[in-house]
Amino acid sequence: MGKKIFISYKYADKSVRQFQGSSFWQPTTVRDYVDILQNKIDKSDHINKGENDGEDMSSLADTTIASKLGDKIFDSSVTIVFISKGMRENQPDKEQWIPWEISYSLREQSRKYANSKTNAVLAVVLPDENSSYDYFMEYNSACNSTTYKTNILFAILRENMFNIKKPQTRICNGTTIYEGEYSYIKTVKWDNFINNVNQYVDIAVEIWKNRDNYNIKKLV
């Protein structure tokens, strides 16, 4: 059965791998990656609840935007958040949309005729302008592990990673390595994700089924 998916992302972030044909005047942005995913979802059994490219809400009041986004998130069961190099602005998390969307996704909501549960959440890491993921994740061959630079993330994302209540760990070169599904918000590279969308969405849903095993932070 298909899942209703909401996509959270920084629309105009240009710090991503540029597509062929991009130029100084028309650079690739995170929105272009969303378009690719939406086309992929449209061909599957999933229902996309994210903002469509022609659905410009920039001129609307914040309260109106919050209402529209809240309706979409309320009617979704999976949230995909795109991690990009320039996703954070130099202002408090509470004043930015992505943390609000993640918080709304994680909270249980009640309305007059329906209730929503905590969403499954999957973080997809986009390559930067150098086609690298090292700004966020670096592979350590000596320990067969990956180092995640979670300090670049919004707090609500950072605090929902490495948050399993009973972690399975090992020590390598004096460093603690987590094993298994240790984060409620799982991360995956774009290049791995886009060719296996259903697989990674299913993994996020499996984590959601075991959500009581995680210390989930729901407020910004």
Notebook entry, point to check: Filter region 136-152 for residues that are within 30 Å of residue 12 (Cβ to Cβ) and touching a residue at least 24 places away in the same chain (Cβ under 8 Å); which is surrounded by the most Cβ atoms within 10 Å (Cβ to Cβ)?
Noted result: 136
Item checked: Residues of region 71-92 that turn out to be at pLDDT below 90 and either among the basic types (Lys, Arg) or surrounded by 16 or more Cβ atoms within 10 Å (Cβ to Cβ) (or both), as a count -> 4
Check: Going by the conditions given, is residue 133 free of Cβ contacts under 8 Å to residues at least 60 places away in the same chain and under 18 Å from residue 71 (Cβ atoms)?
Finding: no
Margin query: Looking at residue 157 and the list (1) of a type in the set (A, V, I, L, M, F, W, C); (2) surrounded by 15 or more Cβ atoms within 10 Å (Cβ to Cβ); (3) in a strand (DSSP E or B), which single condition is not satisfied?
Written below: (3)
Next item on the list: Mind listing whichever residues of region 186-209 are outside any helix (DSSP H, G or I) and in contact with a Phe, Trp or Tyr (Cβ under 9 Å, 6 or more places away or on another chain)?
Entry: 186, 187, 188, 189, 194
Item checked: So residue 171, is it in contact with a strand residue (DSSP E or B) (Cβ under 6 Å, 6 or more places away or on another chain), of a type outside the set (S, T, N, Q) and closer than 22 Å to residue 137 by Cα -> no
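Conditions tested, residue by residue: (1) among the β-branched types (Val, Ile, Thr); (2) on the phi < 0 side of the Ramachandran plot; (3) within 15 Å of the chain's Cα centre (by Cα).
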position	(1), (2), (3)
94	no, yes, no
97	no, yes, yes
101	no, yes, yes
107	no, yes, no
130	no, yes, no
136	no, yes, yes
158	no, yes, yes
171	yes, yes, no
174	no, no, no
Notebook entry, point to check: Taking region 105-122, which residues are at pLDDT 90 or above and out of contact with any Phe, Trp or Tyr (no Cβ under 8 Å at 6 or more places or on another chain)?
Noted result: 106
Item checked: Selection count where residues are in contact (Cβ under 8 Å) with a residue 12 or more places away in the chain and in a loop (DSSP other than H, G, I, E, B), scope region 161-185 -> 13
Checklist line | All positions within region 169-220 that are open to solvent by 40 Å² or more (accessible area, probe 1.4 Å) and among the small types (Gly, Ala, Ser) | finding: 174, 180
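The values are calculated or read from the model by the stated rules, or taken from the named source; none is laboratory data. Computed from a predicted model, the values in this text were never measured in an experiment. All Cβ positions, glycine included, derive from the backbone under ideal geometry; neighbour counts span all protein chains shown. These accessible areas exclude ligands, DNA and RNA; they are computed on the full protein's heavy atoms, side chains included. Shrake-Rupley method; radii C 1.70, N 1.55, O 1.52, S 1.80 Å.
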